[in-house]
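Structure, as structure tokens:
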Amino acid sequence: MITISKIQHEEEIDVLRGKISFDYTYDKETIDSLKKHFKLPDSLYLFAKDGDEFVAFCSIDRDWWEDGFFFIREILVDTDFQKLGIGKNLIKKCIEHARNKKAVGVVTETAFKNIPMQTLCEKLNFKKWDNPQWKEGITYRLVF
């Protein structure tokens with residue numbers, strides 16, 4: 001049975017080290033960045049597990065350059081657990097968290113080749129947005 005829990009301690013994030021999403025590897029720099037953002041007020045970091053086995057991770061925080069928006073910083077679903085709705089469930093929990101914190105909306109970014117994330121964003125009513133500060137992929141916004 002898959003359970004979702006809130007990360008309570010920054011060292012729990014270390015379980016991501018070496019995990020791969022497309023051609024992106026969670027290295028020391030990425031883990032350190034996640035730990036820094038974990039400490040921000042109103043951040044939410046979630047793990048999904050099947051028993052003790054890692055299934056997925058998602059994080060959201062307020063560190064976005066537009067006031068009032070939360071940023072879905074990372075989402076990773078283990079390849080053995082993709083297409084089961086786990087990523088969608090995690091993102092929905094992050095959106096709900098942002099709403100409860102009175103955010104204006106939620107933003108996320110993804111690589112051009114990350115079609116599953118693009119599809120998921122569209123299913124959740126995010127809209128593509130021409131982000132003047134990032135042209136290396138696609139930015140999506142969900143305005144409440």
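The values are calculated or read from the model by the stated rules, or taken from the named source; none is laboratory data. Worth saying up front: this structure is predicted, and the values here are computed from it rather than measured. Note that each Cβ is placed from the backbone with ideal geometry, even for glycine, and that neighbours are counted across all protein chains shown. To get the accessible areas, we keep the full protein, side chains included, count just its heavy atoms, and leave off ligands, DNA and RNA. Shrake-Rupley method; radii C 1.70, N 1.55, O 1.52, S 1.80 Å.
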Number of the exception - Trp65 against (1) under 28 Å from Ala103 (Cα atoms); (2) hydrophobic (A, V, I, L, M, F, W, C); (3) without any contact (Cβ under 8 Å) to a residue 60 or more places away in the chain:
(3)
Which condition from (1) free of Cβ contacts under 8 Å to residues at least 60 places away in the same chain; (2) closer than 21 Å to Glu136 by Cβ is the one that Ile13 breaks?
(2)
Looking only at region 21-40, filter to residues that are open to solvent by 50 Å² or more (accessible area, probe 1.4 Å) and touching a strand residue (DSSP E or B) at 6+ places or on another chain (Cβ under 9 Å); which one of those is modelled with the highest pLDDT?
Leu40
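Determine whether Lys102 is more than 13 Å from the chain's Cα centre (by Cα), open to solvent by 30 Å² or more (accessible area, probe 1.4 Å) and under 18 Å from Tyr24 (Cβ atoms). Quick ask: steps written out before the conclusion?
Values: more than 13 Å from the chain's Cα centre (by Cα): yes; open to solvent by 30 Å² or more (accessible area, probe 1.4 Å): yes; under 18 Å from Tyr24 (Cβ atoms): no.
Answer is no for this residue.
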Filter region 111-135 for residues that are touching a Ser or Thr at 6+ places or on another chain (Cβ under 8 Å) and either more than 20 Å from Leu76 (Cα to Cα) or assigned to a helix (DSSP H, G or I) (or both) and give the result.
Met117, Gln118, Cys121, Lys128, Trp129, Asp130, Asn131
Which one of these does Lys83 not meet: (1) in contact (Cβ under 8 Å) with a residue 24 or more places away in the chain; (2) open to solvent by 50 Å² or more (accessible area, probe 1.4 Å)?
(1)
For region 105-144, what are the residues that are free of Cβ contacts under 8 Å to residues at least 24 places away in the same chain, within 17 Å of Cys58 (Cα to Cα) and out of contact with any Leu (no Cβ under 7 Å at 6 or more places or on another chain)?
Gln118, Thr119, Cys121
So the strands (runs of 3 or more DSSP E) completely within region 1-65 holding 2 or more residues that are acidic (Asp, Glu) are 53-61
